[in-house]
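To keep things clear, I will list the structure first and then write my remarks on it.
The values are calculated or read from the model by the stated rules, or taken from the named source; none is laboratory data. On a predicted model such as this, the values are computed, not experimentally measured, just so you know. Positions of Cβ are backbone-derived with ideal geometry, glycine not excepted, and every protein chain shown enters the neighbour counts. Note: areas computed on protein heavy atoms with side chains; ligands, DNA, RNA excluded. Shrake-Rupley method; radii C 1.70, N 1.55, O 1.52, S 1.80 Å.
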Amino acid sequence: MPRLTRITIYPLKSFDGLRVERSSFAPGGGLRNDRRFALVDAHGKFVNGKRFASLHRLRATFDDGLSTVTLAADDGGPETFALRAGDAALARWCAVRLGTEATLAEDVETGFPDDLQSPGPTLISTATIRRVGRWFDLDDDEVRRRFRANLEIDDDAAGDCPAFWEDRLFAADAAPDARDVVAFRIGDVRLEGVNPCARCAVPTRDSLSGEVRERFAFEFGRRRREELPAWAPPSAFDHCYRLAVNTRVPPNQVGRSIRVGDSIVVGGEPA
């Protein structure tokens, strides 16, 4: 059976990820500390990679306790800042490089997920990452940085987890408000697979430079459609520029933990 091989959280929305060996679920249904912080402009909009391609050129590393973040860019750094809501020094450093004023916001319980209806962690298989890498001549880590999934699963034994295995984790009625979900477990934690994740402009860009690859989304959709596995319900794809699975976490699973090495089991009784 497949096993969990990688957990990545993104403490500061749209910035670099942080690998952890274990994580628990926050009250909002996401992984604890995932997208806990975000830069927000004067109009209340996120200062993120979708809107600011220049953000790809900024690097972030976090201390273990998430009390500080060290930022670097082509024109300066590294500089270390307190990671707390309203930190003016961090906001000024980012404003110079992104060309917009922003403040640092924090939400410990819910974070700032991309999908408010399915705020659980996104999940993908290693085989899928490698297949997409072959399509575009990208290495595994570049695919990971472009698609930014929280959970990665891989074979426990050869053949357990082929490319697009995760397409088993949503039903034919796969929509953001779907009631027909697929229950599965990671270790002792029950999750619900909702739908394949629709992608934005971010994966079309080099994750370190922001340079756009022309027709990336078109070519991705074509190849995804051609290689849609037999177990993926076609009705779940209104378009094929989708990758990884959006999830929900039932309220009674809040506080429970997952860890690298946990097995993945589809189905089972509610916990």
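Hey, any idea what % of the chain's accessible area is carbon plus sulfur with a 1.4 Å probe?
Using a 1.4 Å probe with all protein chains present, the chain comes out at 48 percent carbon and sulfur.
Using a cut-off of 13 Å between beta-carbons, work out the net charge of the residues near Gly221 (Lys and Arg +1, Asp and Glu -1, Gly221 not included).
So the surrounding residues net to +3.
How high is the relative contact order of the chain, in percent, counting Cα pairs under 8 Å that sit 6 or more residues apart?
Reported as a whole number, the value is 26 percent.
Quick check: Cα centre of the stretch 152-167 to Cα centre of the stretch 116-134, how many Å?
12
Just want the answer: with Cβ charges of +1 for Lys and Arg and -1 for Asp and Glu, which residue in Ala232, Ala217, Val249 is farthest toward the dipole's positive end in the stretch 204-251?
Farthest towards the positive end: Val249.
Would you work out which of Phe46, Gly17, Pro2 lies farthest towards the positive end of the dipole of the stretch 1-62? Charges go on Cβ: Lys and Arg +1, Asp and Glu -1.
The residue sitting most towards the positive pole is Pro2.
Please give me, ordered by residue number, the trypsin sites (Lys or Arg not before Pro) of the stretch 138-217 that lie in loop per DSSP and have at most 15 other Cβ atoms within 10 Å.
The qualifying sites are Arg179, Arg213, Arg215.
Averaged per residue, what accessible area in Å² does the chain show with a 1.4 Å probe, protein chains only?
I get 45 Å² per residue for the chain.
If you take every DSSP beta bridge whose two residues both sit in the chain, what share of them, in percent to the nearest 5, is antiparallel?
The antiparallel fraction comes to roughly 90 percent.
Of Gly29, Gly111, Gly99, which is the most mobile in a GNM of the chain whose springs link Cα atoms less than 10 angstrom apart?
Maximum fluctuation in the GNM of the chain, among the listed residues, is at Gly99.
Taking the Cα centre of the chain as origin, sum charge times position over the Cβ atoms of Lys and Arg (+1) and Asp and Glu (-1), and report the length of that vector in debye to the nearest 20.
Charge dipole of the chain: 320 debye, to the nearest 20.
What is the dipole size for the stretch 115-172, taken about its Cα centre, with +1 at each Lys and Arg Cβ and -1 at each Asp and Glu Cβ, in debye to the nearest 20?
Once rounded to the nearest 20, the dipole reads 240 debye.
³J(HN,Hα) across the stretch 37-48 via Karplus (A = 6.51, B = -1.76, C = 1.60, θ = phi - 60°), whole Hz, x for Gly/Pro?
Running phi through 6.51 cos²θ - 1.76 cosθ + 1.60 with θ = phi - 60° gives 10, 8, 8, 10, 7, 5, 9, x, 8, 5, 8, 9 Hz.
Could you grab the relative contact order for the stretch 167-251? Cα pairs under 8 Å, six or more apart, rounded to a whole percent.
It comes to 39 percent, rounded to a whole number.
For the stretch 58-83 and the stretch 221-271, compute the distance between their C-alpha centroids and round to whole Å.
32
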